[in-house]
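Working notes for the structure below.
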Amino acid sequence: MTVPRIGVLECDHVADRYRSIGGDYFAMFECVLPTLALVRYDVVNGATPTHPDECDGWLATGSRHSVYEDIDWISRLGAFVRAVHASDTPFVGVCFGHQLIAHFTGGHTEQSVTGWGVGAHVLNTGERLLYVQQDQVAIVPPDGRVVASTAHCPHAVITVGEHMLGIQAHPEFSADYVAVLLEARRERIGHDRVEEALASLDAPRDEPAAAAWMRSALEH
């Protein structure tokens, strides 16, 4: 059986001071998706793929940036997402990648009116996953469908067409990594919300379920 080659679109990198926790984003996804052949594309530093068929599928990571920022690499990546959408090539987006799918296939992403979504939250389908996000998908694309939501995020998991999957949560993150991000952003997020999020990290979570969703989409 041929192992699918999945291009990992690196939309950011873990700060050097935190890499001892779980490595860079690519290493995190290698742990989550060990049965797939992952290929690095450092898009935040200009390495945007030229055609959807360069790999069997694509995975877009999270980022400190917003998909609506006027930045060259985001514009190029948005054009690539539209090409993937037209080609029916499997594509999974996580957090920023989730918003990227919606924003460049006819939907809309914006800063959440409810503020930061952080810590562990439970989907209406029952899974508990980790979140660190300020932006959200506000409008789902015309050929999109909402698969799951949380109290803080109405469009937490979406599909677009038959081949694109967006997940707002971070199934690749560990609780330890989320904890250091929360502390680093305490002033931006707000003390009370950070304390609530930190308290949520001890509860059992369902990253294996989200990993199974990603594998299923990428092996489609």
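The values are calculated or read from the model by the stated rules, or taken from the named source; none is laboratory data. The model shown is predicted, which means the values in this text are computed figures rather than measured ones. Backbone-built Cβ (ideal geometry, glycine too); neighbour counts: all protein chains shown.
Residue pairs whose Cβ atoms lie under 9 Å apart, sitting 6 or more positions apart in sequence or on different chains, and linking a residue in the range 1-25 that is farther than 14 Å from residue 181 by Cβ and in contact (Cβ under 8 Å) with a residue 40 or more places away in the chain to a partner that is surrounded by fewer than 19 Cβ atoms within 10 Å (Cβ to Cβ) and among the aromatic types (Phe, Trp, Tyr), are 11/73. Could you list, in sequence order, the residues of the range 66-78 that are of a type outside the set (Val, Ile, Thr) and either farther than 28 Å from residue 216 by Cβ or crowded, with 21+ Cβ neighbours inside 10 Å (or both)? Of everything in the range 66-78, those that are of a type outside the set (Val, Ile, Thr) and either farther than 28 Å from residue 216 by Cβ or crowded, with 21+ Cβ neighbours inside 10 Å (or both) turn out to be 66, 68, 69, 70, 72, 73, 75, 76, 77.
Residues in the range 29-66 that are part of a helix (DSSP H, G or I), out of contact with any Pro (no Cβ under 9 Å at 6 or more places or on another chain) and either farther than 22 Å from residue 214 by Cα or hydrophobic (A, V, I, L, M, F, W, C) (or both): 29, 31, 44, 45.
The one condition from (1) buried (at least 21 other Cβ atoms within 10 Å of the Cβ); (2) modelled with pLDDT under 95; (3) not β-branched (Val, Ile, Thr) that residue 136 does not meet is (2).
Output the residue which, of all residues in the range 90-118 that are among the aromatic types (Phe, Trp, Tyr) and within 30 Å of residue 195 (Cα to Cα), is surrounded by the fewest Cβ atoms within 10 Å (Cβ to Cβ).
That would be 116.
Checking the conditions here, which among 109, 105, 114, 125 is out of contact with any His (no Cβ under 7 Å at 6 or more places or on another chain), hydroxyl-bearing (Ser, Thr, Tyr) and not in a helix (DSSP H, G or I)? It is 125.
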